[in-house]
Every structure is written in C-alpha cells, then in structure tokens.
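Notes follow the structure.
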Amino acid sequence: MRLNMGAAWVGFLFLLAYSWVIFCEENCGTFHMRCDSKTIQNGANKAIVDSNIMGELYENASKAQGNAKMVKGIKGLKVKDMRPPNVTVDYLPDEGTRMCIISQLTVGGKSFIGGPMEITVKNNMSILCEIKKNTKKELEIDLKKCRVDLISCKTNLPSSMLPKIVAKFLNSTLTKVMPGMMCPAAEKVVKVMEKMTSSSWQKQPIGDRGAIEYKLCKDPKITQDGAMLQLETVIHKKNGDKIEMPQRAKMPKEMPPKKEGFTDVLISADYMDALMELFADDFRCDVNKAKVSSLTIGKLAKMIPSISKSQPASKAVKAEIRLKEPVKHSLGPNGSYMTVHSSVNLIAEPKGKILFSFEMVQRWDVDYAVEDEKLKLKIKSVSTKEIKVTSKSPGKVEMEPLKKYMQDIVKTACMPAVNKALSDNLVPLPNLMAATYEESTKEFKKLPDALMMHIHSEPVDFSNLVKKMGEITSKGEH
C-alpha cells in the first residue's frame, strides 16, 4: 500500500512538472507581440528608402555589365531606369517569412542596326527569411533562400528580332547577372530591417528613475496570423539593481482574434507592477494644513471622536502616508486600476505626537497613453475601499466618512505628485520597424491580467526614392 501511494505521488509530481514545462514552453515573458505582415512589409520598404540600397544596386548593375556585350550586337549597354520595388510578405508556418520583391529594370544601348535600343525587365525576387532569437536574446533575421523569376521582358526592337535577342538577354543577363545582383541587395534589406529593431534590445532610461530592456525569451513562432514574439522585461533601479519580476499575473495563452493590418501588443500586469517599484517613493505623501485646510483636530474629531481629547479644535494635524505593500495592477474588461495599500499616521503639529494610526486600501484608476513612442500612465481617480485601525483603544470611528475624507486628501495632495512623476518618466517601448505606437494607438483594450494595443504601420512614401533614383540614372547617362 505504501509503495502504491509512493508511486502515485511520483506520478502526480511528474504530471505537475510536465504541465509546468508545457506552460513555460507555450508562454513566457511579460510583453507579447503579434507582428502583422504589413509591419514586416513596411519595414522592408522603409529599409529600402532609408538606406542606399537602390543606389548600390544601380552601381552593381552597371559594374556587372562593364564593357562586355551582354546582348550580342548591342553596344554601350547602360542602366536607364530603375523603379521602386513592390514588396509583399506572407507567413509560412513551420518555414518562415516569405517576401516577394517585384522590381523593374530598364537597360539601353545602341543596337547593331544603328538605332537606340531599350529592354525593360520585370522580375519577381522571392526570398525566404528565418526570424529567430540569437545568443544575446535579440531578434535576428537570416536570408535562407533567394530566387529570381522573370515576369516580363519588353523591348523597342522590331518583333522579328525579339526571339533571338531576348533569348540571349535572358540567358546572359537574367540567369547569370540578376540573381547575383539582386540577392545580395535582398540580404542587405533584411539586415537593415534587423538593425531597425536594435534599439529594442538596448538598455533604455525611464527618465531619471531607472532603465528598461527587452529580450526575446524564446524563438519567434510563425503562424498564419503573424510572427509571435514573446519578450521578457528587465527593469533596473537607479542604482543598477534589477527588479524581480512578479509572477502574479498570467498572460493569455492565446491572443484575441486578429485585426487585419494591425500588429497586436500585449503587456502583462506583472510588467506594470515591476514598473511601479521605480515610483514607490512618490507614494510617500505628507499632507498638512497648508495643502488641505480642513486637516484639523476639529474636522477629524467628527470621524474619530477620541482624537479630540485635550486637543483644541483648531490645532493643525499632519497626515503621513506610506506604502505598506508594493502597488499591484489589475487589468480586465471592467477597467484598469492599482491597489494601493498604505499606512497612515495622523500627527499633531508641531510636536509630532501620533494621535491616530490606521491602514487603508485604495483603488487608483489608471489611464494609458503613448507619448513620444513611450508608455504613459496617468491616475484619473481614487477611492478608498477599506480602512483598518491599528491604534490601541481607538474608540468609535465613523468609517464611511473617514474613507471619503482620505480619498479626498489623497486626490488633492498626493495624486498630483504621482502623476507628475509618471509624466516625467515615460517608459520606452520596443521598436516595431516601420510601425509607430503614438500615431495608431487611440485606445487600449483591457484583457484579464493584460493590456492590449493595436499598432498600425503606415505605408512608406516612395516619392523621395523615385526622385533620388531618377538623379542616379540621369548621372549614369553622362
């Protein structure tokens, strides 16, 4: 019997351990992102626009030709025109991310019959990328495959000459030169995209309170809905010490249905709790009659009669409010708020004698916003939920009036200081390539234990690139 019980316990512990491992494999970190294909697409376009890739591509195309006769019977072949590429992105589960880059190149020269000749080649470069976590727990994008396929080839030569010349052009140029010219450019685009996220993995200051850094806690998972990134958050105090991340809240195992064209971000309540440790001193609040004129023996005696013994009604009182426990965030469909558990001493001025002591639990309702691509928290209201008297022989206490009085005091004298600290010390968010938080975050969705944002990636403006490419090709003709 004892042996059977022992075996049962071993089985139970094994099952518990296995379940925990499975949970950890499925879910980790306090900051989750579901990157939409539009975000990756616009990231690729931004990489093309912001870098000199098209200029280098033009130079490579020109060098690749040299003085050689790429098409028999044609002299002085030059690149006449290059159009901005059209990029599309697809997610291939268990394979990676596929980018199709459609580009158009026009070359020109003098044909053997004496007239000018132009050939416009439109091709589709299909590349397969792997998005992964490197040894530094940072995002890495590797080019795994690159293939160039012809879409169309047009020329101004007479149709009777097309078959032979076009065939030679395809054999000598497209099959030999284009992949060697285009694929290195594609690899550079991928690495520029990777670099665009580099600031996310660096330690960034939270004003003068500390710093934050994000790291991938597992390899991104590619699904049809997007690239799933799970980030762990490391928050540092001003002295460099790391804040231990709470393990109170659990991130949703699955994200809500996807909103087309948007990248989704989930922030855990644990993330918020750890942040609040940087602001613990701002919850220390000393309130006197100068801040709240009603803070006198006479006013308090209406709620705490014992406080008026041998004290004149006009005597001023100071309220010392201190955090009793770390601030805890609650996030859910019914709202978002912080639970603030404080100790309060009511002290006679100026001698400093403690007249009355109690603990209180308050709900501080929170609003969220994005400012300068950083997260901003703002307290919008305070309500007292519970008061527990800690003084000996307190006598009768009018609890409800005292609750209301304390929430008015905190709202008037304490809440503004906390809001100023939160406003002066905004929290950096991970970079999303071409996406911006501020331009697209109009509202936050509250899920159980998590805050959700929908981030929209604006299309990239190619007008400057078109102008720049026109200047490059016109120089090449002189």
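For (1) within 30 Å of residue 431 (Cα to Cα); (2) touching a helix residue (DSSP H, G or I) at 6+ places or on another chain (Cβ under 8 Å), each residue gets a yes or a no:
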| position | (1), (2) |
| --- | --- |
| 298 | no, yes |
| 302 | no, yes |
| 307 | no, yes |
| 310 | no, no |
| 317 | no, yes |
| 325 | no, no |
| 331 | yes, yes |
| 359 | no, no |
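List every residue pair whose Cβ atoms sit under 8 Å apart, with the two residues 6 or more apart in sequence or on different chains, where the first one lies in region 331-351 and is closer than 30 Å to residue 252 by Cα and without any contact (Cβ under 8 Å) to a residue 60 or more places away in the chain and the second, anywhere, is buried (at least 17 other Cβ atoms within 10 Å of the Cβ) and small (Gly, Ala, Ser).
From residues that are closer than 30 Å to residue 252 by Cα and without any contact (Cβ under 8 Å) to a residue 60 or more places away in the chain, the pairs are 337/330; 339/330.
Out of all the residues in region 358-406, which are over 27 Å from the mean Cα position of the chain (by Cα) and under 30 Å from residue 197 (Cα atoms)?
none
Take residue 376 and tell me if it is out of contact with any Leu (no Cβ under 8 Å at 6 or more places or on another chain) and within 30 Å of residue 425 (Cβ to Cβ).
When the stated conditions are applied, residue 376 does not pass them.
Considering every residue within region 362-383, establish whether at least one is over 30 Å from residue 460 (Cβ atoms), out of contact with any Gly (no Cβ under 7 Å at 6 or more places or on another chain), assigned to a loop (DSSP other than H, G, I, E, B) and free of Cβ contacts under 8 Å to residues at least 24 places away in the same chain.
Among the residues of region 362-383, not one is over 30 Å from residue 460 (Cβ atoms), out of contact with any Gly (no Cβ under 7 Å at 6 or more places or on another chain), assigned to a loop (DSSP other than H, G, I, E, B) and free of Cβ contacts under 8 Å to residues at least 24 places away in the same chain, which makes the answer no.
Condition first: of a type in the set (D, E, K, R) and closer than 19 Å to residue 156 by Cα. Now tell me which residues in region 78-109 satisfy that.
As a first pass, look at region 78-109 and keep what is of a type in the set (D, E, K, R): 78, 80-81, 83, 90, 94-95, 98.
Residues satisfying the conditions are 78, 80, 81, 83.
Among the residues of region 205-214, which ones are farther than 12 Å from residue 431 by Cα and not in a loop (DSSP other than H, G, I, E, B)?
Once the filter is applied, which keeps residues that are farther than 12 Å from residue 431 by Cα and not in a loop (DSSP other than H, G, I, E, B), region 205-214 yields 205, 206, 210, 211, 212.
Among the residues of region 254-273, is any assigned to a helix (DSSP H, G or I), in the same structural domain as residue 360 (by TED's automatic domain parsing) and free of Cβ contacts under 8 Å to residues at least 60 places away in the same chain?
Yes, the conditions are met somewhere in region 254-273.
Kindly indicate the residue of region 285-306 that is in a helix (DSSP H, G or I) and among the small types (Gly, Ala, Ser) and also farthest from residue 411 (Cα to Cα) among those meeting that condition. Step through it out loud before you land on a result.
First pass over region 285-306, keeping only residues in a helix (DSSP H, G or I): 297-301, 305-306.
In the following step, the residues that additionally are among the small types (Gly, Ala, Ser) were identified as 298, 301, 306.
Working: 298: 21, 301: 21, 306: 26 Å.
Only one residue tops the list, namely 306.
Of the conditions (1) in a helix (DSSP H, G or I); (2) charged (D, E, K, R); (3) at pLDDT 85 or above, residue 446 clears all except one; give me its number.
Going through (1) in a helix (DSSP H, G or I); (2) charged (D, E, K, R); (3) at pLDDT 85 or above one by one, residue 446 breaks only (1).
For residue 278, only one of the following conditions fails: (1) under 25 Å from the mean Cα position of the chain (by Cα); (2) at pLDDT below 95. What is its number?
(2)
Out of the residues in region 386-407 that are free of Cβ contacts under 8 Å to residues at least 40 places away in the same chain and within 20 Å of residue 339 (Cα to Cα), which is surrounded by the most Cβ atoms within 10 Å (Cβ to Cβ)?
The qualifying residue surrounded by the most Cβ atoms within 10 Å (Cβ to Cβ) is 387.
Which one of these is outside the structural domain of residue 430 (by TED's automatic domain parsing), touching a Lys or Arg at 6+ places or on another chain (Cβ under 9 Å) and at pLDDT below 90: 29, 96?
Selected residue: 29, the only one of 29, 96 that is outside the structural domain of residue 430 (by TED's automatic domain parsing), touching a Lys or Arg at 6+ places or on another chain (Cβ under 9 Å) and at pLDDT below 90.
Restricting region 338-381 to residues that are acidic (Asp, Glu) and either at pLDDT below 95 or not assigned by TED's automatic domain parsing to the domain that holds residue 445 (or both), which is surrounded by the most Cβ atoms within 10 Å (Cβ to Cβ)? First the steps, then the outcome.
Taking region 338-381 first, the residues acidic (Asp, Glu) are 349, 359, 365, 367, 371-373.
Pick out the ones that are also either at pLDDT below 95 or not assigned by TED's automatic domain parsing to the domain that holds residue 445 (or both) and you get 349, 367, 371-373.
On the way: 349: 14, 367: 12, 371: 11, 372: 9, 373: 16.
Here the residue is 373.
Considering only residues of region 227-274 that are of a type in the set (Gly, Ala, Ser) and under 27 Å from residue 41 (Cβ atoms), which is modelled with the lowest pLDDT?
Ranking the candidates gives 261 first.
From 408, 424, grab the single residue that is charged (D, E, K, R), touching a Gly at 6+ places or on another chain (Cβ under 9 Å) and modelled with pLDDT of 85 or more. Before you say what the answer is, go through the steps one by one.
On the way: 408 fails: touching a Gly at 6+ places or on another chain (Cβ under 9 Å).
424 is the lone residue from the list that is charged (D, E, K, R), touching a Gly at 6+ places or on another chain (Cβ under 9 Å) and modelled with pLDDT of 85 or more.
The values are calculated or read from the model by the stated rules, or taken from the named source; none is laboratory data. Nothing here was measured: the structure is a model prediction, and the numbers come from that model. Positions of Cβ are backbone-derived with ideal geometry, glycine not excepted, and every protein chain shown enters the neighbour counts.
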